[in-house]
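Down below is the structure, laid out as structure tokens.
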Amino acid sequence: MTSAQSGIPASTPEAPAADTTDDAAAPRRAGFTYALGRAVIGPLARLIYRPRIEGREKVPADGPVIFASNHLSFIDSVAIPVAAPRPVHFLAKSSYFEGHGIAGAAKKNFFQAIGAIPVRRGAGQAALDALDQQRQLLDEGLAVALYPEGTRSTDGRLYKGRTGVAFLALQTGAPVVPVGLIGTDKVMPKGAKLPSIKQRVTVRFGDPIDVSVHGPASSGKARRLATDEIMAGIHALSEQELAGVYNEPTAHTPIEKIKQALPHERR
């Protein structure tokens, strides 16, 4: 539930752009609930859904790492933690943690169990706070998952990557492991309440990418080149048709259309 939309990498199931939690400066890393969930949910999910997992040995065993994946379904943010050989953190909409009663508590515990950290939607300073959360997790030597496309692909194509993921990698020095997800949109298409057990998911991990060769994080050219390399890695694994454009909401007003038409950096 990890992505980059409206300027800053985010990683929620709906790929919100940012975070306005009061404790944004101090991200809550997964604790006992995640350890228990990883010990129980992971093996159970692998037993029931029998995912095909390729390239696990390519993932660095320790130190900061960014998993950069294509995004086809809500279930993507479950598939990556289940398949990864090490704990993975990602940002999820705070509404998933705010339910009431037994159902609310169950939902909150589930997201904690798969490594989610709550954030609120927003822009401006809120978006920077979300970026700070991810940066701090990487500074602690942890792994985070992000979706460079910014939001889910509704037509199965791979869209152009936004530069937020590359910016985070260039700024922290964390290697980027491209991830190709295949079949998650069939296991749990948009609108489905539960994943199907009739379909199988393939999760492919690629070779870690050192984007520092492209230059500093302050360079727009470096961010763009690093993003293109990351997206090429994802494409090689996912084998999706390339859309050749950004996955952006439909522009309804003349001003919105002009903004999308003008050249600018999609972060």
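The values are calculated or read from the model by the stated rules, or taken from the named source; none is laboratory data. Treat the numbers as computed from the prediction; the structure is a model and nothing was measured. Neighbour counts are summed over all protein chains in view; Cβ atoms, including those assigned to glycine, are modelled from backbone coordinates with ideal geometry. Surface areas here come from the heavy atoms of the whole protein model, side chains and all, with no ligands, DNA or RNA. Shrake-Rupley method; radii C 1.70, N 1.55, O 1.52, S 1.80 Å.
For a quick size check, give me the Cα extents of the range 34-103 along its three principal axes, largest first, whole Å.
That gives 41, 27, 26 Å along the principal axes, largest extent first.
Arranged from highest to lowest average of other beta-carbon atoms within 10 Å per residue, in what order do the peptides 237-243, 143-149 appear?
Descending packing order for the listed peptides: 143-149, 237-243.
Can you give the extra length, in nm with one decimal, that the chain gains between N109 and Q171 once fully stretched, where that is 0.36 nm per residue apart less the Cα-Cα distance?
Contour length minus Cα-Cα distance gives 19.1 nm.
Run the simple label-point estimate for R56 and T154 please: 7 Å along Cα→C-beta, distance reported in nm.
With each label point 7 Å from Cα toward Cβ, the separation is 3.6 nm.
Report the full-extension gain for the segment Q199 to A39: residue separation times 0.36 nm, less the Cα-Cα distance, to one decimal in nm.
Separation in residues times 0.36 nm, less the Cα-Cα distance, equals 55.3 nm.
What is the extension gain from E98 to D207, computed as 0.36 nm multiplied by their sequence separation minus the C-alpha to C-alpha distance, in nm to one decimal?
35.5 nm
State the percentage of accessible surface on the range 155-221 attributable to carbon and sulfur atoms; use a 1.4 Å probe and exclude ligands, DNA and RNA.
53
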